[in-house]
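The values are calculated or read from the model by the stated rules, or taken from the named source; none is laboratory data. None of the values given here were measured: they were computed from a predicted structure. With ideal geometry, Cβ positions are generated from the backbone for all residues, glycine too; neighbour counts draw on all protein chains shown. Heads up: the accessible areas ignore ligands, DNA and RNA and are worked out on the full protein's heavy atoms, side chains in. Shrake-Rupley method; radii C 1.70, N 1.55, O 1.52, S 1.80 Å.
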Amino acid sequence: TTRCNMKCHMCVKQSMGSGLLEGDLSIDTFEAIEPALSRTEALLLNGIGEPLLHSHLESFIYRAKELMPAGSWVGFQSNGLLLDKTRASSLVSAGLDRICLSLDAICPETFRKIREGGEVKDLEQAFTALKTARKWHPESNLQVGVEFVVMRDNIHQLPDLLRWASAVGVTF
């Protein structure tokens, strides 16, 4: 999807004249790529938007995992705001292998400035939800990661953020 529930100042969507249209990957388009999935090693279900806003995300993950070869993986990047225990469990049940959450600051004030519409505590809850989902689905090999957009305003927080992420179970 190109829809998002945040207004991050470094996002291309916030650039004047970006011309990005709001929309979702259609079921028809996903079905059109299905023949290629038998030869696909990795599928990232994200673009310039928040994947958790897409109502068919779990069905796309499930179908891709059915068609992809053994050892392949499906993942996406997210701002994590919509990730509660129920949704995390649903994603893991669908076969999600990797999720990467955006965490560009550990200091709440800096986070709010960079990721308008979000709070650090929202990401803490998202990581807790993922940890719980992994416990509920011990057969899952879900990998949880973080991504950090380095900027002058936040680079000094990177070491503390990495220590924090490691403590909450981030694997990449």
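For this structure, a couple of remarks:
- In Hz, Karplus ³J(HN,Hα) per residue of region 64-70 (6.51, -1.76, 1.60; θ = phi - 60°; x = Gly, Pro): 4, 5, 5, 9, 7, x, 4
- Charge dipole (region 1-82, unit charges on Cβ, about Cα centre) - positive-most of 37, 75, 8: 8
- Using only the C-alpha atoms, the convex hull of region 38-172 corresponds to 107 Å³ per residue.
- Carbon + sulfur, % of accessible area of region 1-76 - ligands and nucleic acids excluded, 1.4 Å: 57
- Cα-centre dipole for the chain with unit charges at Cβ (Lys and Arg positive, Asp and Glu negative), debye to 20: 360
- In the frame of its principal axes, region 95-167 has Cα extents of 41, 22, 19 Å, reported largest first.
- With eigenvalues of the C-alpha gyration tensor scaled by 5 and rooted, region 64-121, Å: 29, 12, 7
- Contact order relative to length of region 3-159, as percent, for alpha carbon pairs under 8 angstrom and 6 or more apart: 24
- The angle between the Cα long axis of helix 27-37 and the main principal axis of the chain comes to about 70°, on a 0 to 90 degree scale.
- Cα radius of gyration and Dmax for region 1-71 (Å): 14.2, 43
- Region 34-76: relative contact order as a whole-number percent, Cα under 8 Å and 6+ apart: 63
- Distance histogram in 5 Å bins (all Cα pairs of region 128-172, percent per bin): 5, 20, 25, 19, 13, 10, 6, 2, 0
- Alpha carbon centroid spacing (whole Å) that separates region 23-44 from region 118-165: 27
- Remark: region 108-117, residue by residue, has Karplus-estimated 3J(HN,Hα) of x, 5, 5, 4, 4, 5, 7, 10, 4, x Hz, where x stands for each Gly or Pro and the curve is 6.51 cos²θ - 1.76 cosθ + 1.60 at θ = phi - 60°.
- Nearest 10 degrees, 0 to 90: helix 85-94 Cα axis against the chain principal axis: 40
- Comparing 125, 146, 107 along the charge dipole axis of region 87-172, the residue lying farthest to the positive side is 125, per the Cβ-charge model.
- Percent of alpha-carbon pairs separated by more than 14 Å within region 89-135: 53
- The residues of region 64-121 expose, per residue, 40 Å² of accessible area to a 1.4 Å probe.
- In a DSSP loop and with at most 12 other Cβ atoms within 10 Å, the GluC sites (Glu not before Pro) in region 1-72 are 22, 41.
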